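Structure first, commentary second.
The values are calculated or read from the model by the stated rules, or taken from the named source; none is laboratory data. No experiment lies behind these values; they were computed from the predicted model shown. Cβ atoms come from the backbone with ideal geometry, glycine included; neighbour counts cover every protein chain shown.
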């Protein structure tokens, strides 16, 4: 259940952050109006709260692992919303980032007597 919860929270966080940034991009770069900017700011705020619900108590670890999800999610958003065509290097880079994120967030915690962790 924890893996499912973590995965759902990462998916929701990606939608909120990428969607929020896209809305602000539309307001600024595409002159879509201030309502897009306001909705973007709200979505970005929601992202912060969603990330805080991750079961891991270490902010840095959660944000670092989210980086891989953000990379893959951004490419997916581009494909679906903006009709972006990724290169093979986009796919490879995204896969590497996701593997790195999975290692960070799902690896078993190792406690070291010397580090006090």
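Regarding residue 60, is this residue part of a helix (DSSP H, G or I), in contact with a helix residue (DSSP H, G or I) (Cβ under 9 Å, 6 or more places away or on another chain) and over 21 Å from residue 4 (Cβ atoms)?
no
Of the numbered conditions (1) in a helix (DSSP H, G or I); (2) surrounded by 14 or more Cβ atoms within 10 Å (Cβ to Cβ); (3) at pLDDT 95 or above, residue 28 satisfies every one except a single condition; which is it?
That leaves (2) as the condition not met.
Between 51, 72, 43, 21, which is modelled with pLDDT of 95 or more, buried (at least 18 other Cβ atoms within 10 Å of the Cβ) and either assigned to a helix (DSSP H, G or I) or touching a strand residue (DSSP E or B) at 6+ places or on another chain (Cβ under 6 Å) (or both)?
From the options 51, 72, 43, 21, the qualifying one is 43.
Given the options 99, 62, 81, name the one that is surrounded by 14 or more Cβ atoms within 10 Å (Cβ to Cβ), in contact (Cβ under 8 Å) with a residue 24 or more places away in the chain and out of contact with any strand residue (DSSP E or B) (no Cβ under 7 Å at 6 or more places or on another chain).
So the residue among 99, 62, 81 that is surrounded by 14 or more Cβ atoms within 10 Å (Cβ to Cβ), in contact (Cβ under 8 Å) with a residue 24 or more places away in the chain and out of contact with any strand residue (DSSP E or B) (no Cβ under 7 Å at 6 or more places or on another chain) is 62.
For segment 75-92, how many residues are within 12 Å of residue 18 (Cα to Cα) and assigned to a helix (DSSP H, G or I)?
4
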